[in-house]
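So the structure is just underneath, and the comments pick up after that.
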Amino acid sequence: MLGEVLWVFVLIFLIGSWPGSKLDRFTDRVWYSSVYDTDWKNVNIERRPSDCDLLHAPIGTKRCSYKKATVIFGEKERQILIGLGTTPEEKAQSAKEPNSVAVTWDRREEP
């Protein structure tokens, strides 16, 4: 009984820790919203493509992987945008832009 429960928790952990899983996207959203002081709705996380996975058809090694990449818009980027504004309206609009984070996946070919 205890062994079966332990295996269920191990299985849940393995599925949840898989990069790009729903649990991973949820924890990333929590992390980025707190670290970069942004609203939950301003954190956009793409779903990780599965075409490089071992079990994706055709089954076997694909010689590729995906690496997580982030684009962050915070105070530093806002000040640059304000500096690039040519009119007071553009500068005021830039000052109102909220912090945001976008997470994408970069495909990497392996030798």
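Residue-wise test of (1) closer than 12 Å to Val103 by Cβ; (2) acidic (Asp, Glu); (3) surrounded by fewer than 14 Cβ atoms within 10 Å (Cβ to Cβ); (4) at pLDDT below 90.
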| residue | (1), (2), (3), (4) |
| --- | --- |
| Asn44 | yes, no, yes, no |
| Pro49 | no, no, yes, yes |
| Leu55 | no, no, yes, yes |
| Arg63 | no, no, yes, yes |
| Ile72 | yes, no, no, no |
Q: Test each condition in (1) farther than 19 Å from Lys41 by Cα; (2) of a type in the set (A, V, I, L, M); (3) touching a strand residue (DSSP E or B) at 6+ places or on another chain (Cβ under 8 Å) for Ile72 and report the one that comes out false.
A: (1)
Q: Determine which single condition Ser33 fails, assuming it passes every other condition in (1) over 18 Å from Lys22 (Cα atoms); (2) within 13 Å of the chain's Cα centre (by Cα).
A: (1)
Q. Residue check: is Ser21 modelled with pLDDT under 85, in contact with a helix residue (DSSP H, G or I) (Cβ under 8 Å, 6 or more places away or on another chain) and either farther than 26 Å from Glu97 by Cβ or crowded, with 17+ Cβ neighbours inside 10 Å (or both)?
A. yes
Q) Which condition number does Ala92 fail, the rest of (1) exposed (fewer than 12 other Cβ atoms within 10 Å of the Cβ); (2) part of a strand (DSSP E or B) being met? A) (2)
Q: Would you mind stating whether Asp28 is in a helix (DSSP H, G or I) and modelled with pLDDT of 80 or more?
A: yes
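The values are calculated or read from the model by the stated rules, or taken from the named source; none is laboratory data. Here the structure is a predicted model, which means the values were calculated and not measured. Cβ atoms come from the backbone with ideal geometry, glycine included; neighbour counts cover every protein chain shown.
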